[in-house]
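What follows is a single structure, written as structure tokens, with notes after it.
The values are calculated or read from the model by the stated rules, or taken from the named source; none is laboratory data. Given the structure is predicted, the values throughout are model-derived calculations rather than measurements. Here the Cβ positions follow ideal geometry from the backbone for every residue, glycine too, while neighbour counts run over all protein chains shown.
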Amino acid sequence: MTDFAVIFDMDGTLIDSTKFIWASFNRILNEHGVHINDHEISPYLGLTIRDHIKIWKEKYDVDLDLDEFIKKANTIQFDLMNRDLEPNGGLIELLEELKQRSIKMGVGTSSTINRAEKMLRMAKIEKYFSTISAADHVVLDKPHPDIFLSVAKKLKVDPKNCVVIEDANSGIEAAKSGGMKAVGYLAPFTTREKLKGADLIVENFSELSYQKIKGLF
């Protein structure tokens, strides 16, 4: 086969941002008498904020305006992350190796494009990725494959030659339904059971390399 491409999820995978996301969400939800505990977070991973708001309406009868919620949550998150935002362990070494091998890399995220671009800049890893597809760019989000297929199209790589790295079950499902290989990243708030559909599960990016990823094909 020709060399593969690697598509990364962002939140939880590239960056340990989940704790900041839920700190911001809970700060807003607390105003409505709602609090999401850590053990309740896992089912939300990989969903869009639009999905979250719909669930909260059905479960807690909370009415939230999507645009206003995103604006408030992002403001809180960026304030928190400005003090403590780093790429996940072993990531930079893997990105450097793939870059040296001229492997095409992109990001497929359920976040908005403006937030995604800012997050990658804050983590100082934007230079590694030639393209990003976000929730703004597709009609159907994960677990549908559209976001990852969008990235593959922009990279000009056949989906069957793409590997997706994800920390959420919905992302693993999206990758597999798009005909791609999937690596599950065992981030906080997820479990091996939820990532069982992946071709490989890792706890740290130091467990991955060009050769190990190529060996998935």
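Scanning the stretch 84-139 for residues that are hydroxyl-bearing (Ser, Thr, Tyr) and either out of contact with any helix residue (DSSP H, G or I) (no Cβ under 7 Å at 6 or more places or on another chain) or modelled with pLDDT of 95 or more (or both) yields a count of 6.
Could you pull out every one of the helices (runs of 4 or more DSSP H) wholly within the stretch 31-106 that has 3 or more residues that are surrounded by 16 or more Cβ atoms within 10 Å (Cβ to Cβ) and in contact with a Ser or Thr (Cβ under 6 Å, 6 or more places away or on another chain)?
Working: elements: 49-60, 66-81, 91-100.
Answer list for the stretch 31-106: 66-81.
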